[in-house]
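Peer 1: Take this structure first; my questions come after.
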Amino acid sequence: MMKRKELCFVVALIATLFATGCQKEDDLIILTADFTEFAVEEEIHPTQIDVDNKTVTVFVNDSITMQSVKVKSIAVSNNAVIDPVIAVGSVLDLSNPMMVYLKTKQDYLWRIKASIANTDSIEYDASGYARIVVPNMDFDEWYLKDDKHWYPNRNLSAANYWWDSGNRGANILGPKNPTSPETNFVISGTAAKLKATSVMGVLASGSIFLGKYVKTSGLGAELAMGRNFNSRPVALNGYYCYHPGTIDNAKSPYANLKGEKDYCSIYIVLGDWKSRVKIDTNEGTFLDIENDPNIIAYAELSTNEDSGSEYLPFRLPLEYRNDRTPTQILIVASSCKYGDYFTGSSNSLLYIDEFSLEY
């Protein structure tokens with residue numbers, strides 16, 4: 001016959017095993033949680049919900065601010081709780097992917113991200129990145145404002161204002177437009193003509209860039225360079241024709257170049273800055289290609305060779321420095337490589353046409 005203490009132990013053990021068995025059975029009831037609906041304002045393509053990889057991808061135009069993406073509709077399965085809370089009307093910062101949990105009996109980690117898309121037809125490369133098309137890379141569309149300033153865009157609406165130049169600064173005393181449309185000497189349609197000039201004795205290089213001319217700053221300009229972009233292209237392709245002049249304007253730190261043949265420059269930069277890159281040529285604020293930790297990839301064409309009477313094709317393979325996802329893209333072309341430093345030739349002439357991103 002069992003002693004009293006042994007009997008109590010057996011009873012307690014059975015109770016523990018019973019309770020444990022019930023708990024394990026309860027744990028076997030798995031409630032998965034998925035996003036079943038997700039939409040944002042100003043989207044231009046239906047949201048992609050990838051249940052297998054727990055990813056929500058919204059497709060928007062560059063015209064919206066990525067730090068303020070407003071949720072239009074949202075739904076989840078099994079009454080899951082979203083942590084942090086997201087509801088209709090929530091404003092999300094999707095300049096970088098956002099991580100959230102869907103909570104039932106288990107926690108499921110999801111990633112919400114925004115992709116720039118300019119058409120209703122979205123294509124992807126082998127790594128799953130959208131093949132983003134930058135508007136007007138063929139330079140066929142131009143807009144003349146106030147019969148004075150040429151802009152390399154269809155118009156100046158938020159959706160179409162991708163490119164800019166230094167024309168506003170150069171046109172202070174009258175329409176000079178170092179950057180203008182070219183309709184005769186082209187690969188196709190219309191090309192961009194970048195012809196350096198001098199304004200009040202200061203060099204104004206012909207230039208074109210993704211971004212916006214903010215304001216004239218002293219003898220220079222403040223620029224907001226770059227556009228929202230979150231893909232990883234392989235290269236920048238296009239055509240150019242260059243006629244370099246002899247450098248007749250030279251300032252520090254390139255004063256020693258006076259009298260030498262000028263260089264042109266075409267380059268592309270991908271980075272993960274939170275917003276556009278501020279450049280101020282008057283204050284000497286420039287992009288540090290070598291040391292900026294936000295730069296992900298870079299490629300440049302720079303030459304002082306005369307192209308003759310024909311366009312030359314080019315391909316600039318991007319050299320990636322890390323595996324991060326970009327948030328901004330910069331594409332810049334200039335008839336004077338050191339034009340930001342007021343150094344170059346007022347006779348240098350660069351034509352560019354039919355740019356494209358290779359994926």
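The values are calculated or read from the model by the stated rules, or taken from the named source; none is laboratory data. This structure is a prediction, so every number in the text was calculated from the model and none was measured. All Cβ positions, glycine included, derive from the backbone under ideal geometry; neighbour counts span all protein chains shown.
Peer 1: Just wondering, is there one or more residues in segment 262-275 that are more than 31 Å from the chain's Cα centre (by Cα) and either in a strand (DSSP E or B) or free of Cβ contacts under 8 Å to residues at least 24 places away in the same chain (or both)?
Peer 2: no
Peer 1: Could you pull out the residue among Tyr240, Tyr263, Tyr213 that is in contact with a Gly (Cβ under 9 Å, 6 or more places away or on another chain) and under 16 Å from Ile352 (Cβ atoms)?
Peer 2: From the options Tyr240, Tyr263, Tyr213, the qualifying one is Tyr263.
Peer 1: Can you work out which of the residues in segment 239-252 that are modelled with pLDDT under 95 and in contact with a helix residue (DSSP H, G or I) (Cβ under 7 Å, 6 or more places away or on another chain) is surrounded by the most Cβ atoms within 10 Å (Cβ to Cβ)?
Peer 2: The residue in question is Ala250.
Peer 1: Do we find a residue being out of contact with any Cys (no Cβ under 9 Å at 6 or more places or on another chain), over 23 Å from Asp272 (Cβ atoms), outside the structural domain of Leu210 (by TED's automatic domain parsing) and not in a loop (DSSP other than H, G, I, E, B) anywhere in segment 94-101?
Peer 2: Yes, some residue in segment 94-101 is out of contact with any Cys (no Cβ under 9 Å at 6 or more places or on another chain), over 23 Å from Asp272 (Cβ atoms), outside the structural domain of Leu210 (by TED's automatic domain parsing) and not in a loop (DSSP other than H, G, I, E, B).
Peer 1: When you check Thr179 against the structure, is it in the same structural domain as Thr325 (by TED's automatic domain parsing), out of contact with any Leu (no Cβ under 7 Å at 6 or more places or on another chain) and not small (Gly, Ala, Ser), yes or no?
Peer 2: Criteria not met by Thr179.
Peer 1: Can you tell me how many residues in segment 66-89 are within 20 Å of Asn228 (Cβ to Cβ) and assigned to a loop (DSSP other than H, G, I, E, B)?
Peer 2: 3
Peer 1: Exactly one of these conditions fails for Thr325: (1) surrounded by fewer than 20 Cβ atoms within 10 Å (Cβ to Cβ); (2) more than 20 Å from the chain's Cα centre (by Cα). Give me its number.
Peer 2: Evaluating Thr325 over (1) surrounded by fewer than 20 Cβ atoms within 10 Å (Cβ to Cβ); (2) more than 20 Å from the chain's Cα centre (by Cα) leaves (2) as the failure.
Peer 1: Of everything in segment 64-110 that's surrounded by fewer than 17 Cβ atoms within 10 Å (Cβ to Cβ) and small (Gly, Ala, Ser), which residue is nearest to Trp162 (Cα to Cα)?
Peer 2: Here the answer is Ser68.
Peer 1: Turning to a different aspect of this structure: Taking segment 312-322 as the search range and keeping residues that are loosely packed, with under 15 Cβ neighbours inside 10 Å and touching a Phe, Trp or Tyr at 6+ places or on another chain (Cβ under 7 Å), which one is farthest from Ala299 (Cα to Cα)?
Peer 2: If we take residues in segment 312-322 being loosely packed, with under 15 Cβ neighbours inside 10 Å and touching a Phe, Trp or Tyr at 6+ places or on another chain (Cβ under 7 Å), then Leu312 is farthest from Ala299 (Cα to Cα).
Peer 1: A follow-up question, please. Report yes if some residue within segment 216-238 is more than 30 Å from Asn322 (Cα to Cα), touching a strand residue (DSSP E or B) at 6+ places or on another chain (Cβ under 9 Å), at pLDDT 95 or above and not in a strand (DSSP E or B); otherwise report no.
Peer 2: no
Peer 1: Quick check on my filter: what residues within segment 281-309 are exposed (fewer than 13 other Cβ atoms within 10 Å of the Cβ) and under 18 Å from Asp340 (Cα atoms)?
Peer 2: Hits for segment 281-309 are Glu283, Gly284, Asp288, Ile289, Glu290, Ser302.
Peer 1: I need the full set of residues from segment 171-186 which are crowded, with 18+ Cβ neighbours inside 10 Å and β-branched (Val, Ile, Thr), in order please.
Peer 2: Residues satisfying the conditions are Thr179, Val186.
Peer 1: Within segment 178-205, track down each residue that is over 13 Å from Ser335 (Cα atoms), modelled with pLDDT under 95 and not in a strand (DSSP E or B).
Peer 2: Within segment 178-205, Met200, Gly201 meet the criteria.
Peer 1: Could you tell me which residue of segment 137-170 is farthest from Ile279 (Cα to Cα), considering only residues that are surrounded by 20 or more Cβ atoms within 10 Å (Cβ to Cβ) and polar (S, T, N, Q)?
Peer 2: Result: Asn167.
Peer 1: Would you please list the contacts, defined by Cβ atoms under 8 Å and residues six or more apart or on different chains, that run from a residue in segment 162-179 that is at positive phi to a residue that is among the polar types (S, T, N, Q)?
Peer 2: Asn177/Asn167; Asn177/Asn171
Peer 1: Filter segment 111-135 for residues that are modelled with pLDDT under 95 and in a strand (DSSP E or B); which is nearest to Asn155 (Cα to Cα)?
Peer 2: Looking at the filtered set, the residue picked out is Ile116.
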